[in-house]
Amino acid sequence: MSEIASNIKKVKEAIIRAAAKAGRNHDEVKLIAVSKTVDARKIKEAFDAGLIIFGENRVQESKKKADELPSSIQWHLVGHLQSNKVKYIFDLFELIHSVDSLPLAEEIQKRAECIGEVIDILIQINTSGEKTKFGVPYDAAFSVVKEINKLKNLNVKGLMTIPPYSGNPESSRIFYKKLKYLQTALEKENLNLPELSMGMSNDYEVAIEEGATLIRVGTAIFGTRE
Ligand SMILES: *Cc1c(COP(=O)(O)O)cnc(C)c1O
């Protein structure tokens, strides 16, 4: 078994354990292999080992890889999207995890309406308040999510967050709890946003315990990035 295949096996086993610990069905958790900076050959290896969804953070890089790889691969955008790149996302991505402001959402809406498409998105929330992080400020999330949800050509599937970097997975828990809390609060207002994209290589087990439905795992699958 290749190293990548063996890493995937380990991650899948950990997903099953974490879900069981939380009393959840592991089928509720989708694994997204974050393949930014990873070459097409390695992505193919992960695909051959059974992974279907790959996450990228640059539009051009994803497009180039998608052209070289099987068309059955599903690409997700997980990184910040610049408004001048919006026109490229429609043919490429199944889901945009990182809609991080109302102006960006409006820009996507404008383009989507123009070409007559509806696109699935998540709204990125800045749960930590760190100034270096993209995302809708937590305090503004309620009203901004409601505004974005009104945009007809955007299908808001859920919420996403990135916690501050820490070597200790337990430090992420509070931020994942905050995202779950926001989802529950929105649900009470009849806004049903089932997906929670949270959890990376170092803390995805904690994220699963806190309700993640999409985990974004790079290093634990492909090894350390250059
Ligand atoms: C790079 C990246 C990941 C994956 O991080 P790892 O620590 O390598 O698992 C997840 N989410 C986003 C938004 C990223 O940019």
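The values are calculated or read from the model by the stated rules, or taken from the named source; none is laboratory data. The model shown is predicted, which means the values in this text are computed figures rather than measured ones. Cβ coordinates were reconstructed from backbone atoms using ideal geometry, including for glycine residues, and neighbour counts include every protein chain displayed. The accessibility values were calculated without ligands, DNA or RNA, using every heavy atom of the protein model including side chains. Shrake-Rupley method; radii C 1.70, N 1.55, O 1.52, S 1.80 Å.
Leaving out ligands and nucleic acids, note down the accessible area per residue over the chain with a 1.4 angstrom probe, in whole Å².
Per residue, the chain has 49 Å² of solvent-accessible surface.
Given the C-alpha centroids of region 193-226 and region 30-63, what is the distance between them in whole angstrom?
14 Å
Order the following by accessible area, largest value first: F47, F90. Probe radius 1.4 Å; ligands, DNA and RNA are ignored.
Largest to smallest exposure gives the sequence F47, F90.
Quick one: dipole size for region 72-226, taken about the Cα centre, charges +1 on Lys/Arg Cβ and -1 on Asp/Glu Cβ, in debye to the nearest 20.
The dipole magnitude comes to about 240 debye.
If contacts are Cα pairs under 8 angstrom and at least 6 residues apart, what is the relative contact order of region 8-103 in percent?
With pairs under 8 Å counted, the relative contact order is 21 percent.
For the chain, what is the calculated [θ] at 222 nm in deg cm²/dmol (nearest 500), taking -39500 (n - 2.57) for each run of four or more DSSP H residues and dividing by its residue count?
-11500 deg cm²/dmol
Report K12's accessible area, 1.4 Å probe, all protein chains in place, as a number in Å² to the nearest 10.
Roughly 80 Å² of K12 is accessible to a 1.4 Å probe.
Which value, in Å³ per residue, describes the convex hull spanned by the Cα atoms of region 99-226?
Per residue, the Cα convex hull of region 99-226 comes to 123 Å³.
Which Rg and Dmax, in Å, describe the Cα atoms of region 128-197?
In order Rg, Dmax, the Cα atoms of region 128-197 give 12.8, 40 Å.
Leaving out ligands, DNA and RNA but keeping every protein chain, what accessible area does H26 have, in Å² rounded to the nearest 10, with a 1.4 Å probe?
80 Å²
Just to be sure I understand: with springs between alpha-carbon atoms less than 10 Å apart, which residue in G116, G55, G79 has the highest mean-square fluctuation in the Gaussian network model of the chain?
Top of the fluctuation ranking is G116.
So which DSSP H runs in the chain come out at 15 Å plus along the axis (Cα) with average Kyte-Doolittle of at least -1.0?
Counting only whole DSSP H runs, the qualifying helices are 3-21, 102-115, 173-188.
So for the chain, what are the equivalent ellipsoid semi-axes in whole Å, largest first, each being the square root of 5 times an eigenvalue of the Cα gyration tensor?
Over the Cα atoms of the chain, the ellipsoid semi-axes are 26, 23, 15 Å.
Relative contact order of the chain, please, whole-number percent, based on alpha carbon pairs below 8 angstrom and at least 6 residues apart.
Value for the chain: 21 percent.
Using only the Cα atoms of region 3-69, what do you get for the radius of gyration and for Dmax, in Å?
In Å, with Rg to one decimal and Dmax whole: 13.6, 40.
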